[in-house]
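Enquirer: Attaching a single structure in structure tokens format; questions to follow.
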Amino acid sequence: MAEKYDDNDPHDDENAMLTAYEELRTTLKTPENPLTEANLLKSGNFDIDDYTNITHSSSGTSSIADIDNILRLSENSHEVLFDHHEWEICDPSSNRKRPPRQSEFLQLLLENSRYSSYVSWVDKSQGLFRILRPERVADLWRKVKCRQTQGKMSYETFARGVRYYYGTGLMIKTNKKYTFCFKQSTQ
DNA sequence: AACCCGGAAGTCCG
DNA sequence: CCGGACTTCCGGGT
């Protein structure tokens, strides 16, 4: 079932991946610039899980062959095609379509089974969930959000936005890694 | 080391 | 021009 997305170049993701791939390979060829999580994340298309895979698979030393393998895996698990129609919100007050707020984005993400590798409920009845793919969630948010900016949307930036919901009462703190919790509206 | 927290100031957009 | 919703930067905590 090949579906077309006329308004979104399907080669964007692939090109970005290939660029990052080459960057990473180049980086790893220089001993003074070893494989670190920071280096990996800097490329923009990988996250903590990819780093864990690489360091585990190569038992301390990273060969280009190892990296090739992992990046192929990473590429294969990158198949969630972006469809902006999945991210439209019909504003309750104005009855107009608009991009989601960050909290609405999270809600949509959690309900969309296509993104089950990105995020999952820890306890849905409590509103407790965990982000599995921090950098990919952040990058997806960059595509979805209304407010466009210059810099790269990192998990750090993304998480700061979420933390503002502690103040508004939409979320409560968990103090756990990649874990957030919607405040339940039940009295 | 890599998150988490939240203040302060800046930006985008309705 | 204003204000809500982030975004950016960052020092401090776990």
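Enquirer: Take the residues in the range A:138-181 that are open to solvent by less than 30 Å² (accessible area, probe 1.4 Å), over 24 Å from A:His84 (Cα atoms) and hydrophobic (A, V, I, L, M, F, W, C); name whichever of them is nearest to the chain's Cα centre (by Cα).
Expert: In this case the residue turns out to be A:Phe180.
Enquirer: May I ask you to list the residues in the range A:139-157 that are out of contact with any strand residue (DSSP E or B) (no Cβ under 9 Å at 6 or more places or on another chain) and within 24 Å of A:Lys183 (Cα to Cα)?
Expert: Residues satisfying the conditions are A:Leu140, A:Trp141, A:Val144, A:Lys145, A:Glu156, A:Thr157.
The values are calculated or read from the model by the stated rules, or taken from the named source; none is laboratory data. These numbers come from a predicted model, not from an experiment. Cβ atoms come from the backbone with ideal geometry, glycine included; neighbour counts cover every protein chain shown. The accessibility values were calculated without ligands, DNA or RNA, using every heavy atom of the protein model including side chains. Shrake-Rupley method; radii C 1.70, N 1.55, O 1.52, S 1.80 Å.
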